[in-house]
Amino acid sequence: MTAYILRRLWQMAPTMLGVIVLVFLLFNWVGGDPAYILAGKISNPAQIANIRRQLGIDQPFYVQLWIFIKQIATFDFGNSWSTGESVSNVITTRLGPSLTVLIPLTILETFFAIALALGIAFVRGSLTDRMVMIVCTVGMSISILVYIIVFQYWFAYKLGLFPVQGWGDSFAENLLRYSALPILIALAVGIAPNLRLFRTFVLDEVNQDYVRTARAKGVSERRIVWIHVLRNASIPMITHVMSNLPALLIGAFLIERFFSIPGIGREVILAVERSDFPVIKAITVYVAFATMLFNLFADLMYQAVDPRVQLK
């Protein structure tokens, strides 16, 4: 196991280097000269030259790339261009609110999607199965903006069950009070596609030979679905959940923006609006690294779920 982890980490190095070079080229060449962005509309050549010298972008290409690599390795991207705050502090302080919403959401969404998918497997092809799929299709066709507006209006404004928006200093208050409605909205949006996908995984296993053999031996349908089918169907489920975690971290920007949650997603939107390249570059690189780590964790979970899986 240790040798496998070390080998996978070593294999990540060229991929990570490719991401670093791509991000560097996009922001340093395609993104335009940051000196003109920082100097503003009213500037002179002396100011432009001074800013370029401070940022180090007057150096040769390879020197700038090496500086960028050192920034990633030391977790020091300098300061935000718009607020002057340390970029590392921006990421660490915004990560907590995002995880406060993301972790409970992922647990609840995965649990309900798996439970419902296995339950539908008992009645596959029935009217209940068809109705559930119709509801899922309709739910997936509605924009998340509609969910946010409707839920905020009814549950927060009309019924007063949740605050309309905001964020506090206490973790318990944020988890139980401020993040409850955003989690409910994200759950309503995400449960439908996950349920449809997990149902497909379960039904693919239900039609396998080992299931027919278990039925021929007299094993109960409940045990077949919850023990045998779930073990094999959980492998693609794990792949889906783990690969989506980094995307959820950034993809929740609409919810964070509408509910004034100071998370990573909201920070990305603000950084794009302000052309705050240091923040955007840092988040882009570390999300790419997190994606590779989550893929490694998924492979390790395969063997935990099914010891027959051989890691290579």
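At a glance:
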| read-out | value |
| --- | --- |
| Check on L55, at pLDDT below 85, under 19 Å from V285 (Cβ atoms) and hydrophobic (A, V, I, L, M, F, W, C) | yes |
| Number of positions in the range 1-23 that are open to solvent by less than 90 Å² (accessible area, probe 1.4 Å) and either of a type in the set (V, I, T) or touching a residue at least 60 places away in the same chain (Cβ under 8 Å) (or both) | 11 |
| Unique match (being in contact with a helix residue (DSSP H, G or I) (Cβ under 9 Å, 6 or more places away or on another chain), aromatic (F, W, Y), open to solvent by less than 50 Å² (accessible area, probe 1.4 Å) and modelled with pLDDT under 85) among F61, F122, F68, F77 | F77 |
| Only listed residue being free of Cβ contacts under 8 Å to residues at least 24 places away in the same chain, aliphatic (A, V, I, L, M) and outside any helix (DSSP H, G or I), chosen from L161, L176 | L161 |
| Enumeration of residues in the range 126-144 that are within 13 Å of A188 (Cα to Cα), open to solvent by 40 Å² or more (accessible area, probe 1.4 Å) and assigned to a helix (DSSP H, G or I) | V135, T137, V138, M140, S141, I144 |
| Out of G166, G160, sole residue that is on the phi > 0 side of the Ramachandran plot and touching a helix residue (DSSP H, G or I) at 6+ places or on another chain (Cβ under 7 Å) | G166 |
| Residues of the range 107-129 that turn out to be closer than 20 Å to H240 by Cβ and free of Cβ contacts under 8 Å to residues at least 24 places away in the same chain, as a count | 4 |
| Flag for T93 being modelled with pLDDT of 80 or more, more than 15 Å from K281 (Cβ to Cβ) and open to solvent by less than 70 Å² (accessible area, probe 1.4 Å) | yes |
| Tally of residues being within 33 Å of the chain's Cα centre (by Cα), free of Cβ contacts under 8 Å to residues at least 24 places away in the same chain and surrounded by fewer than 18 Cβ atoms within 10 Å (Cβ to Cβ) across the range 209-240 | 1 |
| Positions within the range 80-89 being open to solvent by less than 50 Å² (accessible area, probe 1.4 Å), assigned to a helix (DSSP H, G or I) and farther than 13 Å from F277 by Cβ, in sequence order | S88 |
| Residue, modelled with the lowest pLDDT, within the range 32-46, restricted to residues that are surrounded by 15 or more Cβ atoms within 10 Å (Cβ to Cβ) and not hydrophobic (A, V, I, L, M, F, W, C) | D33 |
| A49 vs. criteria more than 22 Å from the chain's Cα centre (by Cα), farther than 24 Å from L293 by Cβ and open to solvent by less than 30 Å² (accessible area, probe 1.4 Å) | no |
| Check on L197, open to solvent by 50 Å² or more (accessible area, probe 1.4 Å) and free of Cβ contacts under 8 Å to residues at least 12 places away in the same chain | no |
| Count of residues meeting criterion [aromatic (F, W, Y) and open to solvent by 70 Å² or more (accessible area, probe 1.4 Å)] in the range 145-188 | 4 |
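The values are calculated or read from the model by the stated rules, or taken from the named source; none is laboratory data. None of these values were measured; they are calculated from a predicted model. Here Cβ is always computed from backbone atoms with ideal geometry, including for glycine, and neighbour counts include all displayed protein chains. The area values use the complete protein model at the heavy-atom level, side chains included, leaving out ligands, DNA and RNA. Shrake-Rupley method; radii C 1.70, N 1.55, O 1.52, S 1.80 Å.
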